[in-house]
Ligand SMILES: *Cc1c(COP(=O)(O)O)cnc(C)c1O
């Protein structure tokens, strides 16, 4: 049998790879934002990653603020996760039966996420939100759902309406290929607008199966809730028999071990998870109240399944990632680093006389070139994205990789030690001065 050759220095440069990729894959990528359409230019290919750094196919080292779009909270190629996957690999890659890793993973999630009593593993965040919506509809017998403009919940038909970054970046907020009837069951409201929410419930309360929300929307830049806003979602859902779904695919285990729900002390009925719980492998999860979760097959009538769900390698990676979070509790340190880079960039913008807003919570922040604080999708899309694109390219030329869209959130990881942050802050401040 031919031996697999691990990626070393044998790769062709990014330019050649991208030319080949474009012949073989739509846009040369397997997920649209990676193609750099929003910021212009051609994407680089990454051949390896370690800690806070990516090494490109062109042998450049970049300080990475994308962190594989969130999962790499311990930094890339974390030795504990790598060892856990290697150990699991000895036992096989997939069994198609229940396995011990799934039980350990479920125990960890139930322990760490306040609202979760039972959990179902799946393979992506998209599957988690899709199943959460189906379960909420099956449980309530209602059809309508509320989502908020700018919130992204994966590429689920009924949720791909005003869905933030990926769609925004392409200037195509609603995807083609979604029958009008599907989207018609989705009521889109502005985030942080309690009046709009109350009106929607007054009009459709009896028909609303669920509210799905990113409690801290982070796919349209980062937007933070007004005081009391998330509480009003809880109150309205409870009063109307509507299922409150927190989509914590991004925020879960990132802003606190128990996600936003732990920080704000609100108990959603269902929670969608992903990203960090996979430790860099493809994992999603749906969890919540037993009473609702038990409506899932095989106990209940709501069908949901997955050939590779609970995959032993993916579970091993996720378990190692969550255990390490428990053991290291990096949140206070990440909060400090986040504030450090935010302050450095705000100082640079002030010195230059450029309006810049940087919402930041823990290891998440985003840059809005905007005069006023950003409270919703309209404010976000009213920002000057030219500045972001220029800054993106300046940073990339100087060894710092920001997300390739003004509407994505930047992530820090535990491997962004003081030195990496200082270096990056210097580059970004110089970039802001050049705007
Ligand atoms: C990334 C993301 C998803 C989709 O997860 P995938 O694993 O990409 O399918 C859903 N919701 C939120 C909030 C996300 O950030």
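Numbers for the structure displayed
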{"item": "Considering residues of the range 74-112 that are touching a strand residue (DSSP E or B) at 6+ places or on another chain (Cβ under 8 Å) and under 20 Å from residue 424 (Cβ atoms) only, the residue nearest to the ligand (Cβ to nearest atom)", "result": "76"}
{"item": "Hits in the range 324-344 - residues which are touching a residue at least 40 places away in the same chain (Cβ under 8 Å) and either surrounded by fewer than 16 Cβ atoms within 10 Å (Cβ to Cβ) or over 20 Å from the mean Cα position of the chain (by Cα) (or both)", "result": "326, 328, 329, 333, 340, 341, 344"}
{"item": "Matching entry among 150, 154 (being buried (at least 24 other Cβ atoms within 10 Å of the Cβ), assigned to a loop (DSSP other than H, G, I, E, B), at positive phi and touching a residue at least 12 places away in the same chain (Cβ under 8 Å))", "result": "150"}
{"item": "Tabulated pairs, the range 247-269, first assigned by TED's automatic domain parsing to the domain that holds residue 124 and on the phi > 0 side of the Ramachandran plot, second within 11 Å of the ligand (Cβ to nearest atom) and assigned to a loop (DSSP other than H, G, I, E, B), C-beta under 9 angstrom, 6+ apart or interchain", "result": "259/215; 259/248; 259/251"}
{"item": "Only one of 431, 382, 399, 353 that is more than 19 Å from the chain's Cα centre (by Cα) and at pLDDT below 95", "result": "382"}
{"item": "Residue within the range 286-300 that is closer than 24 Å to residue 66 by Cβ and either crowded, with 24+ Cβ neighbours inside 10 Å or away from the ligand (no atom under 14 Å from the Cβ) (or both) present", "result": "no"}
{"item": "Pairs, first closer than 15 Å to residue 281 by Cβ in the range 122-143, second assigned to a helix (DSSP H, G or I) and within 10 Å of the ligand (Cβ to nearest atom), C-beta under 6 Å, six or more apart", "result": "122/128"}
{"item": "Selected residue (criterion: nearest to residue 252 (Cα to Cα)) from residues of the range 113-124 that are in contact with a strand residue (DSSP E or B) (Cβ under 8 Å, 6 or more places away or on another chain) and part of a loop (DSSP other than H, G, I, E, B)", "result": "113"}
{"item": "Residue in the range 235-242 that is in the same structural domain as residue 138 (by TED's automatic domain parsing), modelled with pLDDT of 95 or more and within 16 Å of the ligand (Cβ to nearest atom) present", "result": "no"}
{"item": "Residue 64 being farther than 26 Å from residue 287 by Cβ, in contact (Cβ under 8 Å) with a residue 12 or more places away in the chain, buried (at least 19 other Cβ atoms within 10 Å of the Cβ) and touching a strand residue (DSSP E or B) at 6+ places or on another chain (Cβ under 9 Å)", "result": "yes"}
{"item": "Near pairs, Cβ below 8 angstrom, 6+ apart or cross-chain, from the range 1-29 (at pLDDT below 95) to any residue that is loosely packed, with under 13 Cβ neighbours inside 10 Å", "result": "9/59"}
{"item": "Test: residue in the range 234-253 that is in contact with a strand residue (DSSP E or B) (Cβ under 6 Å, 6 or more places away or on another chain) and over 17 Å from residue 147 (Cα atoms)", "result": "yes"}
{"item": "The range 380-405 residues that are surrounded by 22 or more Cβ atoms within 10 Å (Cβ to Cβ), paired with ones that are in a helix (DSSP H, G or I) (beta carbon under 6 Å, 6 or more apart)", "result": "391/431; 400/424; 400/427; 402/392; 402/395; 405/33; 405/165; 405/169"}
{"item": "Subset of the range 11-45 [in a loop (DSSP other than H, G, I, E, B), away from the ligand (no atom under 16 Å from the Cβ) and surrounded by fewer than 16 Cβ atoms within 10 Å (Cβ to Cβ)]", "result": "12, 13, 25, 40, 41, 42"}
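Residues are listed down the side, and each one gets a yes or a no for (1) at pLDDT 95 or above; (2) touching a strand residue (DSSP E or B) at 6+ places or on another chain (Cβ under 9 Å); (3) more than 18 Å from residue 70 (Cβ to Cβ); (4) within 16 Å of the ligand (Cβ to nearest atom):
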{"site": "149", "(1), (2), (3), (4)": "no, yes, yes, yes"}
{"site": "182", "(1), (2), (3), (4)": "no, no, yes, no"}
{"site": "193", "(1), (2), (3), (4)": "yes, yes, yes, no"}
{"site": "224", "(1), (2), (3), (4)": "yes, yes, no, yes"}
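The values are calculated or read from the model by the stated rules, or taken from the named source; none is laboratory data. Quick caveat: nothing in here was measured; it's all calculated off a predicted structure. Counting neighbours? That spans all protein chains shown, and the Cβs are built from the backbone with ideal geometry, glycine included.
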